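Okay, structure first, notes after.
The values are calculated or read from the model by the stated rules, or taken from the named source; none is laboratory data. Every value quoted in this text rests on a predicted model; they were computed, and no experiment measured them. Backbone-built Cβ (ideal geometry, glycine too); neighbour counts: all protein chains shown. Protein only, heavy atoms only, side chains kept; ligands, DNA and RNA dropped before computing areas. Shrake-Rupley method; radii C 1.70, N 1.55, O 1.52, S 1.80 Å.
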Amino acid sequence: MTPLDQARALISGHGARTEPARRVISLLCGGPHTLAELVRESAVPRRGVEELLSALDGDLVRNRDTYEIRADAVASYTEAFAVPQHRQPDLALIRSDVDTVPPPLAALDHVQATPETVARRASWLNEQYELSGRTVLCLGDHDLTSLAVAAVNPDVTVIVVDLDDRVLAHIDNRARERGLNIRCLHADLRFGLPPAVTESSDLVFSDPPYTPEGMALFAGRGVEALRDTGSGRLLLAYGFSDRTPALGQKVQQELLGIGLAFEAILPGFHRFDGAQAIGSAADLYVCQATSRGRKAAQRTGIYTHGPQSIESTSTVDKSALLAFTGDSAVRQPDWSEPSSGRSLTVDASTDPGPWLLRILLACNAEKLSVLVPNNHADVRDERGQKSLSTVVASKYRLRFHRSTPDGKHAVVVATRVGAGLLDRVHGKLGNALREAMIAESGGTLTKREARELVAARIPGETDLRLIDLPRHRIEAVLNV
């Protein structure tokens, strides 16, 4: 390898945070500098500068205690490590996206960031980090930071993980219209990350619920998602009132407790339409995970206030529920793995909206009864009931029992009618859809032919699990 290639490889190992190392190259191209000057002016630790000098050795001129790039090589290094031109965010487009995003789920806490804040986030990330060729994960994105980041740097890959299927559809539709490289996945972080997201990202951005439990949960999932904890960074929005410093300290202790170090805190970076108790503002925390970050205990507690709070428990009469379903026990909701049996009853009475579909997809029981709120979007009217019934029609026939076993709840009873793709929602979608196509063809399709058909029909999604897709993509896949 040439010295230039060695320098490229070394700097590439810095992940998205290459700017300090690039500054060393720029200094060396500009004239002689001592080791002390290179360290001080680049803010790169001495060992890092020494490693870079060693990689550059064949193209360096050494004069006693100074170093510089050979004159005939300066142009090559200047071109190779040139600072890219930064696009400016389109504030009018961001405002239009924010104005049309679905309102937050009623059961969850969310205060909308201003369009100016979304634009600031995108610009700052693009200026501080080398996003081209990198992956940025947005854990929760009702603010639509993903769309702004992908717009200012089309060479970045953005992954969005959110609980709200409506928000995911909004982002996905906008991204497809504009040719942006954004992948949207569904998850409730209390139940874990989609497997495809684990150790996938160079940067993770999140504006979590501002409780100690919420911050720890989102930050813990963020650490899980980092490709490399040394070069990766976790960027969190968090604010607290100067009247309640004890709360701020408790949140910071939670973050420290899962192995995070605070690299920087930018005061008042975010502004919100609401959250007046904290001045409608929050800071930007730039965090680095320590070596024990991966081993930090994963939090699965409820993370917000109201119906989803950590103190909230089901108020339903379990004996009345079991008397109605005829089962002997009630299960808690969990779709991380498939479950089966002759008859199952699941208590999803705190479902914020998306759980019911995932429970129906994950359970392969002959009969499944799911307790949900009486005003659940998929239950409260004929339109919602028909929509849900259509999605799972190949697997279950649904009956909706509103105001059962009391006036605040409903029971959805699913009776098995068939088997197929929806029995394999936890496997890779490409494999599951291929096998389903072969079965439906009566064996006339070969594996290769089916694989090619699948790749053409769902490009970019064959490595995902069906259960991790947003609802609108699940519906699209089932209509393939």
If Lys and Arg each add +1 and Asp and Glu each add -1, what is the summed charge of the other residues whose beta carbon sits under 15 Å from the beta carbon of Val330?
-> -3
Taking all protein chains as present, what is the carbon and sulfur share of the accessible area of the range 8-94, in % to the nearest whole number, probe 1.4 Å?
-> 50 percent
According to the square roots a ≥ b ≥ c of the eigenvalues of the Cα gyration tensor, what is the shape class of the range 238-285, taking rounded for a/c under 1.5, prolate for a/b larger than b/c otherwise, and oblate for the remainder?
-> oblate
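How much accessible area per residue does the range 50-119 have, in Å², with a 1.4 Å probe? Provide the component values of the computation, followed by the final result.
Details: 4060 Å² over 70 residues.
On a per-residue basis, 58 Å².
Applying 1/(1 + (r/R0)^6) with R0 = 35 Å to the Cβ-Cβ distance of Asn173 and Asp381, what FRET efficiency is obtained, to the nearest 0.05? Don't jump to the answer; show the numbers that get you there.
Working: r = 24 Å, r/R0 = 0.69.
FRET efficiency, Asn173 to Asp381: 0.90.
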Short version: ³J(HN,Hα) in whole Hz for each residue of the range 47-55, in order, from phi by Karplus 6.51 cos²θ - 1.76 cosθ + 1.60 (θ = phi - 60°), x for Gly and Pro, what are they?
-> 4, x, 5, 5, 5, 5, 4, 5, 5
Of the labelled options [x] 32; [y] 37; [z] 50, which one gives percent of Cα pairs over 37 Å apart as computed for this structure?
-> [y]
Hey, got the dipole for the chain? About the Cα centre, +1 on K and R Cβ, -1 on D and E Cβ, debye to the nearest 20?
-> 1080 debye
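Mind checking the range 9-83 for trypsin sites (Lys or Arg not before Pro) that DSSP puts in a loop (not H, G, I, E or B) and that have at most 13 other Cβ atoms within 10 Å?
Details: sites: Arg17, Arg22, Arg23, Arg40, Arg46, Arg47, Arg62, Arg64, Arg70; in loops: Arg17, Arg64, Arg70.
Passing both the DSSP loop test and the Cβ count: Arg64.
How many percent of the accessible area of the range 318-361 is carbon or sulfur, using a 1.4 Å probe?
On the way: 850 of 1840 Å².
Ligands and nucleic acids excluded, carbon and sulfur reach 46 percent.
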Estimated inter-spin distance, Glu440 and Gln249, nm [label 7 Å along Cα→Cβ] = 6.1 nm
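Looking at the range 364-465, which trypsin sites (Lys or Arg not before Pro) are in a loop (DSSP not H, G, I, E or B) and have at most 12 other Cβ atoms within 10 Å? If you can, show how the numbers build up before the last one.
Numbers: sites: Lys367, Arg380, Arg383, Lys386, Lys395, Arg397, Arg399, Arg402, Lys408, Arg416, Arg424, Lys428, Arg434, Lys447, Arg448, Arg451, Arg457, Arg465; in loops: Arg380, Lys395, Lys408, Arg424.
Those satisfying the criteria are Lys408.
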Considering only DSSP beta bridges whose two residues both sit in the chain, what percent are antiparallel, to the nearest 5?
-> 55 percent
Which percentage, to the nearest 5, of the DSSP beta bridges contained in the range 162-300 is antiparallel?
-> 70 percent
State in Å² the accessible area per residue of the range 181-280; use a 1.4 Å probe, count heavy atoms of protein chains only, and round to the nearest integer.
-> 37 Å²
Only helices counted: for the chain, with every DSSP H run of 4 or more residues adding -39500 (n - 2.57) and the sum spread over all residues, [θ] at 222 nm is -11000 deg cm²/dmol
Bin by bin, in steps of 5 Å, what percent of the Cα pairs in the range 337-480 do you find, going until the bin that has the longest distance?
-> 2, 10, 19, 21, 18, 13, 8, 5, 3, 1, 0
